Amino acid sequence: MNAQAWIYVVIGYALVLAAAPYGFARTETARRKAVDRLAKRIDLAVPTSPIEDERIGLRLAVRERYIAVGGGIGLIVAILATLFLPGFDQNNFSLLGIFILSLTGIGVGAGLSALRTTRELPSDVPRIARLSSPTMSDYLIGLEYRGAIVTVIAGALVTAIVIPLGFAFAELTWDRAILPIVVAILAIGALIGTLAISRSILDRGQRAGSVLELAWDDAIRSTALRDLITVPLALGFAAAFVPLVTVITGARIVQPTTSADNLLTLVALGAIALFALIGVIVAIVVLASSPQRHYRRRLWPTPAGNAATTAPAPTTAGTEGDVR
């Protein structure tokens, strides 16, 4: 490992250590800031009960700690991949990889924090019960979770089609083909893992001492699921882009450029432009639909802290059970 490689590793560890104090949120002031930040993002009232406020603050502190550590680990993995994975440092893939792997660490950290904090909520408090359990569509808009599935499938298909064509017509070699194959496998694995963790989050009972705390639990779930679903979505797009770019860089352009010998390169260029356009359109549509407040529209038609008439009927549970 050369000096430059060690610099990358040191930078990665430094970023983890720098983010740790913010993410740990050990003090009451830090937890209060975490609650206020999320409250502003989702337009939700801050709990007036000190006990509920403390419980929510502790959950958000755990979330930020997991995100900080997960993002740092993802960054270190990306740096190591730049050093040791063939083809990772070609065509500026290292920059894309560092971003995606860091995003993966953040998403996984958010999902695991939701699992842990739900499990650690005290069981001796009165709980608000729902008549039915929320589903994925209550927390995420359809374009988010269905889009992730479609994107991963599309990325895997592109890789399965383009790589053999690259070997046949673009002088693709195995040292350059490894990266697209690895990205496609990671995308499929990320989708399976995301769906499994999401199912676990949804299957856990929601323990809340008031209507407002239940709304906060929905907000934390929604945010965690959104962070989590971003991972296969990003890897799916990468699984489509990486093989196309890899094939293009190894293809020989013959004259005239409209020759049939350039067909694979031209099709790859067109596919890249098409995927980029689709990605931009999807991003605009998702952002325009205010995804952070989707759960409010589905589960809380009016602000949870202001209209008790739309809240689920409160039920006190004296024993452990599947209360959602």
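The values are calculated or read from the model by the stated rules, or taken from the named source; none is laboratory data. Computed from a predicted structure; not experimentally measured. Cβ sites come from the backbone with ideal geometry, for glycine too, and all protein chains shown count toward neighbours.
Laid out as a table, the results:
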quantity	calculated
Any hit, the range 149-167, residues being over 26 Å from G270 (Cα atoms), at pLDDT 90 or above and not aliphatic (A, V, I, L, M)	no
Residues of the range 71-94 classified as hydrophobic (A, V, I, L, M, F, W, C) and at pLDDT below 70, total	2
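Yes/no matrix, rows are residues, columns are (1) modelled with pLDDT under 50; (2) surrounded by 12 or more Cβ atoms within 10 Å (Cβ to Cβ); (3) of a type in the set (D, E, K, R):
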residue: I281; (1), (2), (3): no, no, no
residue: I284; (1), (2), (3): no, no, no
residue: R293; (1), (2), (3): no, yes, yes
residue: R298; (1), (2), (3): no, yes, yes
residue: T302; (1), (2), (3): no, yes, no
residue: A307; (1), (2), (3): yes, yes, no
residue: P312; (1), (2), (3): yes, yes, no
residue: T315; (1), (2), (3): yes, yes, no
residue: G321; (1), (2), (3): yes, no, no
